[in-house]
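Let me begin by presenting the structure, written as structure tokens, before commenting on it.
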Amino acid sequence: MANMDTKSFDLGYAIGIIATRASFTLDRKSPVIQIKAQEYDSDILEAVKAQLGGKILGPYRGILIWQARKKDCASALKIIKDYLPDGAQYDKLNNWMKRLAKIGISPMDYL
């Protein structure tokens, strides 16, 4: 039972980071979710990667970047959409998805 609580906490922690730090963007017609953090905050990005996949890039001048692209982006979005609370970041996610749809891109196409 304690193991389930740990998994729930870890997912909640990762979603909290997405809710406060993530950006939703497009790179060469490929949807990208990313989070930037100082190199000394690498465990924050490692926690997100453990729950949502993706890669950690860098460091670039002391900055690390967690990114989810293509299949990783689609897989992460399935989780994020279910757990991201209402608020500004939820609105940003929905607006991003609408903008992608207008130009004919669906992150779910990568699954």
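Computed values, structure above
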| quantity | calculated |
| --- | --- |
| Dipole of the stretch 2-110, positive direction: furthest Cα of Val48, Tyr60, Ala14, with charges on the beta-carbon | Tyr60 |
| Footprinting exposure proxy for Ser23, Ser42 (fewest neighbouring C-beta atoms within 10 Å first) | Ser23, Ser42 |
| Electrostatic dipole magnitude of the stretch 29-86 [Cβ: Lys, Arg +1; Asp, Glu -1; Cα centre; debye, to 20] | 460 debye |
| Only Lys, Arg (+1) and Asp, Glu (-1) charged, at Cβ; the chain dipole about Cα centre in debye | 660 debye |
| Mean residue ellipticity (222 nm) of the chain, computed from DSSP H runs ≥ 4 via -39,500 (n - 2.57), nearest 500 | -17500 deg cm²/dmol |
| Residues Ile15, Ile63, Ile44, sorted so that the one with the fewest Cβ neighbours within 10 Å comes first | Ile63, Ile44, Ile15 |
| Set of lysines near Lys70 by C-alpha distance (under 20 Å), chain-local residues within fewer than 8 positions excluded | Lys29, Lys36, Lys49, Lys55, Lys78, Lys81, Lys92, Lys98, Lys102 |
| Choice from Arg21, Arg61, Arg99 with maximal GNM fluctuation in the chain (Cα, 10 Å cutoff) | Arg61 |
| Relative contact order, percent, the stretch 2-110 [alpha-carbon distance under 8 Å, six or more residues apart] | 27 percent |
| Projected area, mean over directions - the chain, Cα convex hull, nm² | 7.4 nm² |
| Exposure proxy ranking, count of Cβ atoms within 10 Å, fewest first, for Phe24, Phe9 | Phe9, Phe24 |
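Read the figures in this text as sums done on the coordinates, not as results from a lab. In this text, all values refer to a predicted model and were calculated from it rather than measured experimentally. Quick reminder, even Gly has a Cβ in these numbers, built from the backbone with ideal geometry, and neighbours come from all protein chains shown.
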